[in-house]
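Remarks on the structure that follows.
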Amino acid sequence: MLLAGDSTVASCPAHEAPMSGWGAQLGAYIGVPVRNFAKGGATTAGHRAEGLWAALVREIVPGDVVVLQFGHNDQKEPELPYRDNLRAFVGEARAAGALAVLCTPVQRRRFDGARLVPTHGGYPDQVRELAAADAVPLIDLTAATTELYERLGPEGSKALFTHFPPGAHPLYPEGVADDTHFCFRGADEVAAIVAERLKELA
């Protein structure tokens, strides 16, 4: 199993613990080694420009599964050809003998009352449309995380993210309220969703 994506997928450095991307927790659920090439701040273009995608492709063994989730940073650079970049990744993974799986981006925790406010614009739909057009398996994490956060509610969903008041955590002495990046619990919950969807695709 190989992963490409941004910080919401990546294994975070120790000094950011308990912040974690879901990819760091996935191996415990699927029972096979996970090679995580996701990186904080990555766009589809940056992942290729920095050599991360080439490194991932070199690691592919025919029969591998490559899971891709981008969008958080691509939407900050709307001039980037997001869908075309994803399509190229899928084609190159397939050419190397892998099964490519697309994920829509996980939601940010932003509520209006009891309902989550979408923050990714048209990017989830671009992924859905590409998956349908090119017959790529899709894990709709935008929909799944919306359901998860709304089920827990505005207060309960805080426990999925890196939220600490001042003085509560030694690595965040001034406190933190990050509604994008998961803590271990949130990463674990999303990894479980991804693993379940992957089993359904098998």
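Some observations on this one:
- In the set (1) over 12 Å from the mean Cα position of the chain (by Cα); (2) in contact (Cβ under 8 Å) with a residue 40 or more places away in the chain, residue 14 fails one condition alone, (2).
- Residue check for residue 162: touching a Lys or Arg at 6+ places or on another chain (Cβ under 6 Å) and assigned to a strand (DSSP E or B): no
- Residue 87 being under 16 Å from residue 4 (Cβ atoms), open to solvent by 40 Å² or more (accessible area, probe 1.4 Å) and touching a residue at least 12 places away in the same chain (Cβ under 8 Å): yes
- Residue satisfying all of: in the range 153-196; aromatic (Phe, Trp, Tyr) and free of Cβ contacts under 8 Å to residues at least 60 places away in the same chain; least open to solvent (accessible area, probe 1.4 Å) among these: 161
- Residues that are under 22 Å from residue 81 (Cβ atoms), open to solvent by 40 Å² or more (accessible area, probe 1.4 Å) and either in contact with a Pro (Cβ under 6 Å, 6 or more places away or on another chain) or assigned to a helix (DSSP H, G or I) (or both), drawn from the range 16-51: 48, 49
- Candidates 94, 87, 151: the one that is within 24 Å of residue 189 (Cα to Cα) and either of a type in the set (D, E, K, R) or not in a loop (DSSP other than H, G, I, E, B) (or both) is 151.
- There is at least one residue in the range 132-152 that is open to solvent by 60 Å² or more (accessible area, probe 1.4 Å) and either more than 21 Å from the chain's Cα centre (by Cα) or in contact (Cβ under 8 Å) with a residue 40 or more places away in the chain (or both).
- Any hit, the range 57-78, residues being assigned to a helix (DSSP H, G or I), under 21 Å from residue 125 (Cα atoms) and open to solvent by 30 Å² or more (accessible area, probe 1.4 Å): yes
- Restricting the range 1-15 to residues that are assigned to a loop (DSSP other than H, G, I, E, B) and of a type in the set (Gly, Ala, Ser), the residue that is most open to solvent (accessible area, probe 1.4 Å): 11
The values are calculated or read from the model by the stated rules, or taken from the named source; none is laboratory data. Not measured: the values here are computed from a predicted model. Positions of Cβ are generated from backbone atoms using ideal geometry, with glycine treated the same way; all protein chains shown enter the neighbour counts. For the accessible areas, the whole protein counts, side chains as well, though only heavy atoms, and no ligand, DNA or RNA atoms are used. Shrake-Rupley method; radii C 1.70, N 1.55, O 1.52, S 1.80 Å.
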